[in-house]
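Coordinate-derived values only; no laboratory data. From a predicted model like this one, the values you see are computed outputs, not experimental measurements. Here the Cβ positions follow ideal geometry from the backbone for every residue, glycine too, while neighbour counts run over all protein chains shown.
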Amino acid sequence: MWLFLAFLLVPLIEIALFIQIGGAIGLGWTLLIVVITAVLGTMLVRAQGMQALGQVKSSFNQMRDPSEALAHGAMILFSGALLLTPGFFTDAVGFALLVPAVRLAVFHWAKSRVKVTTFTTQTAHQRDPNIVDGEYTEVDPDQREVRGPSGWTKH
């Protein structure tokens, strides 16, 4: 239902803003503003996207939880899509998502609404020291090939 409302309301808001702003400043200036925001937004998204990618790599290298850095990267990507979409409302939301404090607030809001389940695996040092892991193959004594001495023993 929310997605339907977004697809219905966002174009209506954009059309209303285009009519109001275009009527106030003229068609040429309105189109110029839309193009400038797309170009400026692309440059900002590229710079912040590279920074977010560096944070994701850093969190993986330091074995930290990368969820915040990944969420920031996803929001930057989404803001890029909004900034490339012609319109004033989408540009405002896109530029807002480029502000780190806004992204952090959205991340904390989303994190509070998502339930995360984790699991752990046991490593060798966490297991019972009396248990030895190994693999074996059962050999039928009747089918076993008999060879001479191994050379390691003297008979």
- [ ] Can you tell me the FRET efficiency between LEU9 and VAL34 if r is taken as the Cβ-Cβ distance and R0 is 22 Å, rounded to the nearest 0.05?
- [x] 0.65
TODO: Please give the length that would be gained between ALA101 and LEU27 if that part of the chain were fully extended, namely 0.36 nm times their separation in residues minus their C-alpha to C-alpha distance (nm, one decimal).
DONE: 23.2 nm
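With a length cut of 24 Å (Cα positions projected on each helix's long axis) and a Kyte-Doolittle mean of at least -1.0, go through the chain and give me the DSSP H helices that pass. Don't jump to the answer; show the numbers that get you there.
On the way: long enough: 2-25 (33 Å, 2.21); 27-61 (50 Å, 1.03); 67-84 (26 Å, 1.46).
Result, helices passing both filters: 2-25, 27-61, 67-84.
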Open item on the list: Translational diffusion coefficient of the chain at 25 °C, 0.890 mPa s, Stokes-Einstein with Kirkwood Rh over Cα pairs, in µm²/s as a whole number.
Closed with: 116 µm²/s
Open item on the list: Just to be sure I understand: with springs between alpha-carbon atoms less than 10 Å apart, which residue in GLU138, GLU68, GLU14 has the highest mean-square fluctuation in the Gaussian network model of the chain?
Closed with: GLU138
Open item on the list: If packing is taken as the average count of other Cβ atoms within 10 Å, what order do 55-62, 31-38 fall into, highest mean first?
Closed with: 31-38, 55-62
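Can you give the relative contact order of the chain as a percent, counting alpha carbon pairs under 8 Å and 6+ residues apart?
Details: 89 pairs, mean separation 32.1, N = 155.
Here the relative contact order equals 21 percent.
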- [ ] With label points built 7 Å along Cα→Cβ from the Cα atoms of GLN20 and GLN62, find their separation and express it in nm.
- [x] 4.4 nm
